[in-house]
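S.K.: Before anything else, here's the structure in question.
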Amino acid sequence: MIKVIVMDVDGVLTDGRIIIDENGIEYKFFDVKDGHIFHIAQKFGIKIAFISGRYSKVTTLRAKELNVELCIQNQLNKLQALNYIKEYYNVDYSEVAYAGDDIIDIEPMKKCAFSASPKDAHIKVKMAANFISSKDGGRGAIREIVEKILELNNVKIF
């Protein structure tokens, strides 16, 4: 049973584009349907955690909005961050799912019981994934991935 879902942010929760205006204000695009599935998963006791290779205030704000307790940013060693999350929630790799889109996500993906990627992920990431979404990152991929995890956990949401 999956108890914790860990995911990358840029390219998974977003479409990977980052807009920075002339004042240094950063913008990212998140899909509201992706966010809604977090509340459903959390209702069934599943924890959500973010690991991002870069820091973004926008990511912090989105994590807070979605009640994501662990939002680890500016961390290129995603396996180290994954180990911290695993210990924080006192779970085994057999209880963790990981969603990523780029090559730095492959190592943590291989450690987890279930791994997934958006349709537009790097080819090597898709080769490492147990499940590939039919949707691109930031365009409903996480919704589909979390629904698959809920299905594997025998949770009926509809």
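Derivation of every value follows stated rules applied to the coordinates shown; laboratory data play no part. Here the structure is a predicted model, which is why all the values come from computation and not from measurement. Here Cβ is always computed from backbone atoms with ideal geometry, including for glycine, and neighbour counts include all displayed protein chains.
S.K.: Tilt of helix 141-152 relative to the longest C-alpha principal axis of the chain, in degrees (0 to 90, nearest 10)?
M.R.: 10
S.K.: Going toward the positive end of the dipole of the stretch 29-102, with +1 on Lys and Arg Cβ and -1 on Asp and Glu Cβ, which of ILE85, VAL58, HIS36 do you reach last?
M.R.: After comparing all options, I get VAL58.
S.K.: So, one more: In whole angstrom, how long is each semi-axis of the equivalent ellipsoid of the stretch 49-158, when you take the square root of 5 times every eigenvalue of its Cα gyration tensor and sort them from largest down? Intermediate values should be presented prior to the final figure.
M.R.: Details: eigenvalues 74, 55, 52 Å².
Whole-Å semi-axes of the equivalent ellipsoid: 19, 17, 16.
S.K.: Still on this model: Test of understanding: in a Gaussian network model of the chain with alpha carbons linked when under 10 Å, which of PHE30, PHE44, PHE131 would top the mean-square fluctuation ranking?
M.R.: Maximum fluctuation in the GNM of the chain, among the listed residues, is at PHE44.
S.K.: What number, in percent, do you get for the relative contact order of the stretch 4-152 if the mean sequence gap of Cα pairs under 8 Å and at least 6 apart is divided by its residue count?
M.R.: On the way: 301 pairs, mean separation 40.6, N = 149.
This gives 27 percent for the stretch 4-152.
S.K.: If I take all pairs of Cα atoms in the stretch 29-95, what percentage of them are more than 19 Å from each other?
M.R.: Working: 803 of 2211 pairs.
So the portion of pairs separated by more than 19 Å is 36 percent.
S.K.: Taking the Cα centre of the stretch 21-108 as origin, sum charge times position over the Cβ atoms of Lys and Arg (+1) and Asp and Glu (-1), and report the length of that vector in debye to the nearest 20.
M.R.: It works out to roughly 280 debye.
S.K.: Continuing with this model, one more query. What number, rounded to the nearest 500 deg cm²/dmol, is the helix-based mean residue ellipticity at 222 nm of the chain, given -39500 (n - 2.57) per DSSP H run of at least four residues and division by all its residues?
M.R.: Result for the chain, helices only: -10000 deg cm²/dmol.
S.K.: Can you tell me the orientation of helix 32-43 relative to the chain, as the angle in degrees between its alpha-carbon axis and the longest Cα principal axis, to the nearest 10?
M.R.: 40
S.K.: Still on this structure: Mind checking which of GLY140, GLY16, GLN75 is farthest towards the positive end of the chain's charge dipole, using Cβ charges of +1 (Lys, Arg) and -1 (Asp, Glu) about the Cα centre?
M.R.: Final value for the positive-end residue is GLY140.
S.K.: Charges at C-beta only: +1 for Lys and Arg, -1 for Asp and Glu. How large is the resulting dipole of the chain about its Cα centre, in Debye rounded to 20? Working shown, then result.
M.R.: Values: 22 positive and 22 negative charges, 70 e Å.
Its charge dipole is roughly 340 debye.
S.K.: What fraction of the DSSP beta bridges in the chain is antiparallel, stated in percent and rounded to the nearest 5?
M.R.: Numbers: 3 of 19 bridges.
Roughly 15 percent of the DSSP beta bridges within the chain come out antiparallel.
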